[in-house]
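*Asks:* Have a look at this one.
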Amino acid sequence: MAAGPSPPSVGRRLGLLELLTGAVLVLLGFGLGSALGQKVYTNTWAVHIPGGPEAADWVAQKHGFINHGHVFGDYYHFRHRTVVKRSLSAHRPVHVRLQKDPKVTWAEQQVSKRRKKRDTFEEFEDPKYKEQWYLYNNNHNDLNARGAWELGYTGKGVVVSILDDGIEKNHPDLMENYDPEASYDVNDGDPDPQPRYTQLNDNRHGTRCAGEVAAVANNGICGVGVAYNAKIGGVRMLDGEVTDMVEAQSLSLNPQHIDVYSASWGPEDDGKTVDGPAKLAKEAFLRGITEGRGGLGSIFVWASGNGGREKDSCNCDGYTNSIYTLSISSTTQNGNVPWYSEACSSTLATTYSSGNLNEKQIVTTDLKSKCTDSHTGTSASAPLAAGIIALALEANKNLTWRDMQHLVVRTSRPANLVANDWQTNGVGRKVSHSYGYGLLDASSIASLAKTWSYVGPQRKCVISMLSEPRNIGSHLSINKTVDACVGSGSYVTKLEHVQGQITLSYNRRGNLAIRLISPAGTRSTLLHPRPHDYSSEGFNDWAFMTTHSWDENPSGSWTLEIENVAGASDYGTLTQFTLVLYGTSSPSSGASEESQSGDDSCKTLDLTVKCIECNAGYYLFQQRCVKECPAGFAVGSQPLSYAVGNAILPASVPACLPCPLPCVTCSSLSPQSCLSCPPHNYLDAASGTCLHLSPSMRESPGSFMVGPGSQRPQLEPSSRMPITIAVLSCVAIIATFGGIFLLLQLRSGAHIKLPSLEAGGGFSLGGNRVVSYRGIPTVWGDEGLNTDSDNEEFDVHNERTAFIKTQSAL
């Protein structure tokens, strides 16, 4: 049986299917064309029409185009109404009709071109990257990791090892960067650092820390590490008995291969423990900084501690309190001090971590190939710092362990961090016991590392501050002026770390507060009261450390204050106080010597370590500090707009500025304070200004007397002589002319009569003598006609008159 015609609904469906199929083919064609490098034609044309906008509109309307406006000159942008937006073939009919129009001189169908932004950084595809607010956010309250990535620093070539409870080496977000040479299982004595799995996932700590440093980027898994191209290893050493030997073996693992060791552990944060590394661990630290990395020194990054709730002090933790570790504290998403944070003077800088319930936490890798967004505590802060240090090491692999600490001090940012103990130290940097010198800045530290030229050798000056035991009572103050070992090889002129080695006994140690005040007035709290510390053991040669006087000059008066803050009738004795000064004997510099201060008078350095502010009594002159301004300069106020890095700076600083013109030398910057003048000028001592000399004054340089009583330059008699000569010459000329005139008159026999004034027609020359003029034509006279004799006389007179007129003219 024959089939009948399809119903209209079926026809409509077939038409819709054909339309969809066509659209899919077009899209596939476009994608295929792009992939194969074929041209993809658009529905736009570039057209040249000399007739102006009206002619262009007429042509567009005639051929079914929309005129999208003028490009430049007589070129216009046309888009066709019916041609498909993208096609692998040119639309010949439309193009030919447009090209043949007499008003069109040129037309071209536009081809889509592939163009790529020349950024070194692209947004990552990792699903959790956008939740890593601490790496980069629009408010710029972050670690500025993206800024370092845009500079091309990703940690490539740098090795970091996590000293913890192991690392899940086969985690998909760590596997690509895992380094077996930076890993070991100290607890079981084998090279496999894989953590021991439990129901509570107790051993997740090391894997979480590792992901913060070097989680792989753009693999579609979890998030990214700060140094996502660094190599990462792990040491399993906390999942078992932790002994001095275990710590030493972990700290000294492969020191010529591992660059950075990150540790987020320490003694109990219970507010009553005083503990630190023992003999072998101390030796491991010392060997690390002297022999590690080919003699440049291993870099040990340490979490400052989580004992804030117990009022603990990280200066009672011998690991964070060591000069060999870079101690890192935490701040919350909103820039507040976290509830778990410990305050102490050994903390160098800060990174982000967890805070209150409404604040975000840290995203990183987790056990069993998972991802977490709830990593917390200073345990999360130290690995972030280790990753940032890896970026700096990529920028400059030759940095020493001390160079790195200098870079941290100079580039950390105190802005937006809230604390009530911020102070400005003796070189103008802000520092806090909760944050150190502020928030680490990945871009700034990598940039400065690139041009850093290394600090001088470390000097150590040891000074005994106590001659005999002293009773502490409720308050004890020890003050002594030191010269910082001047005249010896231990002479220190710029500080780095300062230690107060103290031995004391006290019946309740937790009631004591200990403060150290530097010659520049910087107050470091070496120990704050610990309410849970009931011990009567006191301190036995404990080295309290502060970084707050970094770059200060140690020479001067140091003060140690010990106070019983409880006010109870406690008792004890201070038996030892030794001041240990670490630093350099010349300004620590990352710049050339000529850009440095010539002595130790510089107060503040910028990021390039150039002097921008001097100590009191000195003046800034060409990035140096001088006691007196050189000739041609005077003391003034120079604006200071520097605001990068860690500094609170004045709006202006005392500086040597050029004397105001035209002064050559001056006593101040006032125009009335000239001391000497340039050539062709003289100094008016009364007004203190330089006055210009006229040409006639320059010919008589000795004619100017400058004295306390002179108000204007006085002319001496020698300067009047030209005027006298001129006057006498004029008188002589007039007298000569008069004599010649009278002689001529007498020789001619003429009688010149000048009537007296009384007669109304002449003037008298004096006495009874009357002079009358003769020879004036009769036409000018009052008498009658001329006679013959008069005419002859007139001719002679006429000749003489002409002669006299000529002489008068001359």
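*Asks:* Once the piece of chain linking His680 and Cys730 is laid out straight, how much longer is it, given 0.36 nm per residue of separation minus the C-alpha distance between them?
*Replies:* Working: separation 50, 0.36 × 50 = 18.00 nm, distance 3.31 nm.
The His680-Cys730 span can extend by a further 14.7 nm.
*Asks:* Lysines near Lys360 by alpha-carbon distance under 30 Å, same-chain residues fewer than 8 away left out - which ones?
*Replies:* Those lysines meeting the cut-off are Lys128, Lys130, Lys156, Lys169, Lys231, Lys311, Lys368, Lys370, Lys430.
*Asks:* Under 20 Å from the Cα of Lys113, which lysines turn up, not counting those fewer than eight places away in the same chain?
*Replies:* The qualifying lysines are Lys39, Lys85.
*Asks:* Would you mind ranking Ser652, Ser345 so that the residue whose beta carbon has the fewest other beta carbons within 10 Å leads the list?
*Replies:* Ser652, Ser345
*Asks:* Could you sort the peptides 173-180, 185-192 by per-residue average Cβ neighbour count (10 Å cutoff), highest mean leading?
*Replies:* The packing order, highest mean first, is 173-180, 185-192.
*Asks:* Just need the relative contact order of region 195-260 here, percent rounded to a whole number, with Cα pairs under 8 Å and 6+ apart.
*Replies:* Details: 51 pairs, mean separation 14.2, N = 66.
Dividing the mean separation by the residue count of region 195-260 yields 22 percent.
*Asks:* In addition: Can you tell me how much longer the chain between Tyr75 and Val242 gets when fully stretched, taken as 0.36 nm per residue apart minus their C-alpha distance, in nm with one decimal?
*Replies:* Gain on stretching Tyr75 to Val242: 52.2 nm.
*Asks:* OK, next. Counting Lys +1, Arg +1, Asp -1, Glu -1, what net charge surrounds Asn219 among other residues with beta carbon under 11 Å of its beta carbon?
*Replies:* Values: positive: none; negative: Glu125, Asp126, Asp173, Glu176.
The answer is -4.
*Asks:* Sort region 37-111 into rounded, prolate or oblate with this rule: let a ≥ b ≥ c be the square roots of the eigenvalues of the Cα gyration tensor; rounded if a/c is under 1.5, and if a/c is not under 1.5, prolate when a/b is larger than b/c, oblate otherwise.
*Replies:* Prolate is the answer for region 37-111, as a/c is 1.5 or above and a/b outweighs b/c.
*Asks:* Next question, about the same structure. Enumerate the lysines that Lys627 could reach by cross-link, defined here as Cα to Cα under 24 Å, with residues fewer than 8 away along the same chain left out.
*Replies:* Output for Lys627: Lys494, Lys603, Lys610.
*Asks:* List Lys460, Lys169 from most exposed to least, where exposure is judged by having the fewest other Cβ atoms within 10 Å.
*Replies:* Exposure proxy ranking, most exposed first: Lys460, Lys169.
*Asks:* Rank-order 213-223, 477-487, 407-417, 623-633 by packing density, defined as the average count of other C-beta atoms within 10 Å over each peptide's residues, highest first.
*Replies:* On the way: 213-223: 23.7, 477-487: 14.4, 407-417: 22.2, 623-633: 15.9.
The most tightly packed comes first, giving 213-223, 407-417, 623-633, 477-487.
*Asks:* Here is a follow-up. Which net charge results when you count Lys and Arg as +1 and Asp and Glu as -1 among the other residues whose beta-carbon is under 10 Å from that of His205?
*Replies:* Charge balance near His205 sits at -2.
*Asks:* So for Thr424, Thr724, fewest C-beta neighbours within 10 Å to most, what's the order?
*Replies:* Thr724, Thr424
*Asks:* On a C-alpha basis, how far is the centre of region 133-163 from the centre of region 474-540 in Å? Whole number, if you could?
*Replies:* First find each Cα centre; the distance between them is then 37 Å.
*Asks:* Counting Lys and Arg as +1 and Asp and Glu as -1, each charge on the Cβ, what is the dipole of region 37-111 about the Cα centre in debye, to the nearest 20?
*Replies:* Roughly 400 debye for region 37-111.
Taken together, the values in this text are just the output of simple stated rules run on the coordinates, not laboratory data. Just so we're clear, the structure is a prediction, and the values are computed from it rather than from any experiment. Note: ideal-geometry Cβ built from the backbone for every residue, glycine included; neighbour counts use all protein chains shown.
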